[in-house]
C-alpha cells in the first residue's frame, strides 16, 4: 500500500520545477507511505511521477518506485496489492523477463510492457490504483481497481495539464489546483453523507470511478475514459448464468472462493492481523484465516462502555472460540471525541459517516501491532445483509395491495407519535429482535409508505431529502439513484438496492472510510470478500440463498456456522458507531453550537441556517434525534474551517 501523485504538463519543460512540484505532492501524502519516497521525471515530455512507499511485499530496494520496465520504455507508479502476481510471473519469465525482485509492482509493469495495459488489468486480482507512462508514445494511463478499494483523484486544466493523486491533499499541494467549491457536490453530500463519484468537493477535480482506465497523451490531451469491468456487466452475466446447484454446492463454492481470497491476502513480509467486530462478515474472515494459519491469528477490536455501541464482548467470545491472539481496547468518550478535530484532515472533503471515528481508533490500535489487517467489508452488499433488503420484501409485499389513502393515513398516524414513544414501545420486544433506534426507523417508515420502490430506496438512504432547499445555489447531480431505466435492467427491487449500494455507498462511503482511516496510521487494510470473483459468484446466486428465515446473508451465515456455533453469532445487526446523538446533547454541545452558529453559517455561506438551527433546537431538547442531519452540517463546517 502506498500513495501516488503526478503531473503531465508538456508546457513545463525540463528543469527542477517539475520534480520539486511532484515531490511536494508526494510529501503531502507521506502518511500513506512512510517507508520511502521517490520522484521520476521525463523532462522532455513534462511528466513527473511521485511515490510514497509503505513496504509490505519485497522490502528490498528492488521494490522501490517509480519503477522502470525491463525494456526501459514503461514506468509505473502504483498503490495497492495484486494477489495473483505469482500466477502471472511465470509467463513473463518464459518470455525472457529477468526480474530484479519479487514485488507485485514489477509483475504488473512487465505484464503491461508485454501484453498491454488492457489485457493486463483484466488479469489482475486485487486492489490498486496506478499510473503507467509509455515513454515512446508519450502516453499516460491512470487505472483504478474494479470495486474502488483504492482511491484516485485527477484534474485537467484548460491548458491540458493533468495532475493526479491518491488523495486530494496531493493535488492541493500543486499551486494551480482548483480551489472553487462545488456546491452541487455539497447537495449530494447532504443527501448521502459523502460525495458520490465522479465528483469531488472542488470544481474540476474528479474521482476516477471503479473499473475505469483514463488515457491521455501528448498528441491527444483530451482524456479518454474506458471501463474494463462494471457492475452492470456483472449483474447481466449473473442473470444469464444463474447458479442452479443446491445449498451444499453453493456453500462449498463460496468457501473455496473465500478461503483462496483470504489465503492470498495473508501473504506479506510484515506482521498481519484482522479486524474482528464479532459480526458475521469479520468473524467469517477471521475463522478462515485461523483455519489457514498454523499459529494464532492476531485479531483486534475496540469497545465502548455505552450500551448499544459495544461489540467488544461479542468479538472476544468469537476470538476465544477460534483461538486467535486477540487484542481489545476500550475507548472512553473523551478519547473518541479527541479524534473529531482530525477528521477533516484525514478525509480531505466533507464526509460524515460517524463510524469514521471507531474505524480510525481500531486502525490506530491495530497499527501498534501489525502493518496489514484484513477486514470483512462487502458482505452486506453482496449477500443482502442490510435490513432494508429484507424489510423491503416484507413491507413491500404486504403494502402492495393497500390503497394509497390508507397508507397515507397510516404514515400520518405513525408520525403523530414522537420517536420517544416508539422507543418505549419497542422495549416490549425481546432484545435479540429489537432494532436499534426504533423510533427513528418508524418515522422513516412513515415517510416511505406512500411512494414507489425507487422512491422508497432514496428515502431510506437519504439524510436531507431535499438538499437543494438547504444548500445555496446548488443543483444536485442526478446520479445513478435517479436512473429511471434501472428498473428495466434490474427488475428485482432487492437486487436493485444491492446494485446501487455496491456502486455508490460501498466505494464512496465504506471503502473511503476504511482507506483514509487505515492509511492515516500507515496500516494496509485488505478486503477479501470483495475479491471480484466472489462478487461475480454472489450475483449468480438465487434470492433464497441470500435472504431466508426473515434475514439476510443466509449463505454467508451457513459458512460461518461451520466454524462458530450459531448461538455465538445470532444477534441483531449492530452498526459500528458511536453515540453521536447523546454526545451532541452533552460533551459535544459547545463545539456543535459554535459550528451551528449564525456566524459560522454566514462565514462559509454554503447552507441556509434556519432549517438547520430548527433541527438543532429540537435535538438539544430531546424532542427528536437529528444526529445524522446535524453531523452532516458539523462535518461540512469543520472541513471548511480546516481547509479554507
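One table, with the values for the structure above:
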quantity: Any hit, the stretch 233-241, residues being under 21 Å from the mean Cα position of the chain (by Cα) and touching a residue at least 24 places away in the same chain (Cβ under 8 Å); calculated: yes
quantity: Residue within the stretch 172-180 that is surrounded by fewer than 24 Cβ atoms within 10 Å (Cβ to Cβ), outside any loop (DSSP other than H, G, I, E, B) and touching a residue at least 24 places away in the same chain (Cβ under 8 Å) present; calculated: yes
quantity: Residue, surrounded by the fewest Cβ atoms within 10 Å (Cβ to Cβ), within the stretch 28-41, restricted to residues that are in contact (Cβ under 8 Å) with a residue 60 or more places away in the chain and either outside the structural domain of residue 205 (by TED's automatic domain parsing) or touching a helix residue (DSSP H, G or I) at 6+ places or on another chain (Cβ under 9 Å) (or both); calculated: 31
quantity: Listing of helices (runs of 4 or more DSSP H) fully contained in the stretch 549-606 that carry 1 or more residues being in contact with a helix residue (DSSP H, G or I) (Cβ under 7 Å, 6 or more places away or on another chain) and in contact (Cβ under 8 Å) with a residue 60 or more places away in the chain; calculated: 554-561, 566-569, 580-585
quantity: Residue match in the stretch 192-209 (condition: surrounded by fewer than 18 Cβ atoms within 10 Å (Cβ to Cβ) and at pLDDT below 95); calculated: no
quantity: In the stretch 140-165, the residues that are over 26 Å from residue 500 (Cβ atoms), part of a loop (DSSP other than H, G, I, E, B) and in contact (Cβ under 8 Å) with a residue 24 or more places away in the chain; calculated: 157, 159, 160, 161
quantity: The stretch 279-303 residues that are closer than 18 Å to residue 366 by Cα and in the same structural domain as residue 376 (by TED's automatic domain parsing), paired with ones that are modelled with pLDDT under 95 and part of a strand (DSSP E or B) (beta carbon under 9 Å, 6 or more apart); calculated: 300/329; 301/329; 302/329; 302/330; 303/329; 303/330
quantity: Candidate set from the stretch 614-639 (those that are more than 27 Å from the chain's Cα centre (by Cα) and surrounded by 15 or more Cβ atoms within 10 Å (Cβ to Cβ)); member that is modelled with the lowest pLDDT; calculated: 624
quantity: 1 or more residues more than 25 Å from residue 53 (Cα to Cα): qualifying helices (runs of 4 or more DSSP H) within the stretch 275-380; calculated: 280-292, 312-322, 333-337, 356-367
quantity: Filtered residues of the stretch 613-640 (kept if touching a residue at least 24 places away in the same chain (Cβ under 8 Å), in a helix (DSSP H, G or I) and either farther than 15 Å from residue 186 by Cα or in the same structural domain as residue 181 (by TED's automatic domain parsing) (or both)); calculated: 616, 619, 620, 627, 628
quantity: Elements of type strands (runs of 3 or more DSSP E) in the stretch 1-100, at least 2 residues being modelled with pLDDT of 95 or more and under 19 Å from residue 155 (Cα atoms); calculated: 2-8, 47-53, 74-82
quantity: Boolean, residue 113 is touching a strand residue (DSSP E or B) at 6+ places or on another chain (Cβ under 7 Å), surrounded by 19 or more Cβ atoms within 10 Å (Cβ to Cβ) and in contact (Cβ under 8 Å) with a residue 24 or more places away in the chain; calculated: yes
quantity: Per-region count, the stretch 213-232, residues within 23 Å of the chain's Cα centre (by Cα), closer than 19 Å to residue 45 by Cα and either without any contact (Cβ under 8 Å) to a residue 60 or more places away in the chain or part of a loop (DSSP other than H, G, I, E, B) (or both); calculated: 0
quantity: Unique residue being closer than 22 Å to residue 26 by Cα, out of contact with any strand residue (DSSP E or B) (no Cβ under 6 Å at 6 or more places or on another chain) and modelled with pLDDT of 95 or more when the list is 150, 169; calculated: 169
quantity: Identity of the residue in the stretch 242-274, part of a loop (DSSP other than H, G, I, E, B) and free of Cβ contacts under 8 Å to residues at least 12 places away in the same chain, that ends up nearest to residue 316 (Cα to Cα); calculated: 246
quantity: Residue satisfying condition, being part of a loop (DSSP other than H, G, I, E, B), touching a strand residue (DSSP E or B) at 6+ places or on another chain (Cβ under 7 Å) and in contact (Cβ under 8 Å) with a residue 24 or more places away in the chain, within set 106, 137; calculated: 137
quantity: Options 210, 198; residue that is in contact with a strand residue (DSSP E or B) (Cβ under 8 Å, 6 or more places away or on another chain), in a loop (DSSP other than H, G, I, E, B), free of Cβ contacts under 8 Å to residues at least 60 places away in the same chain and closer than 30 Å to residue 632 by Cα; calculated: 198
quantity: Qualifying residue in the stretch 492-508 (condition: free of Cβ contacts under 8 Å to residues at least 40 places away in the same chain, under 21 Å from residue 544 (Cα atoms) and assigned to a loop (DSSP other than H, G, I, E, B)); calculated: no
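Conditions (1) in the same structural domain as residue 252 (by TED's automatic domain parsing); (2) within 30 Å of residue 241 (Cα to Cα), marked per residue:
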| site | (1), (2) |
| --- | --- |
| 520 | yes, no |
| 526 | yes, yes |
| 534 | yes, yes |
| 546 | yes, yes |
| 555 | yes, yes |
| 564 | yes, no |
| 584 | no, no |
| 589 | no, no |
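The values are calculated or read from the model by the stated rules, or taken from the named source; none is laboratory data. Being a predicted model, the structure only gives us computed values, none of them experimental. With ideal geometry, Cβ positions are generated from the backbone for all residues, glycine too; neighbour counts draw on all protein chains shown.
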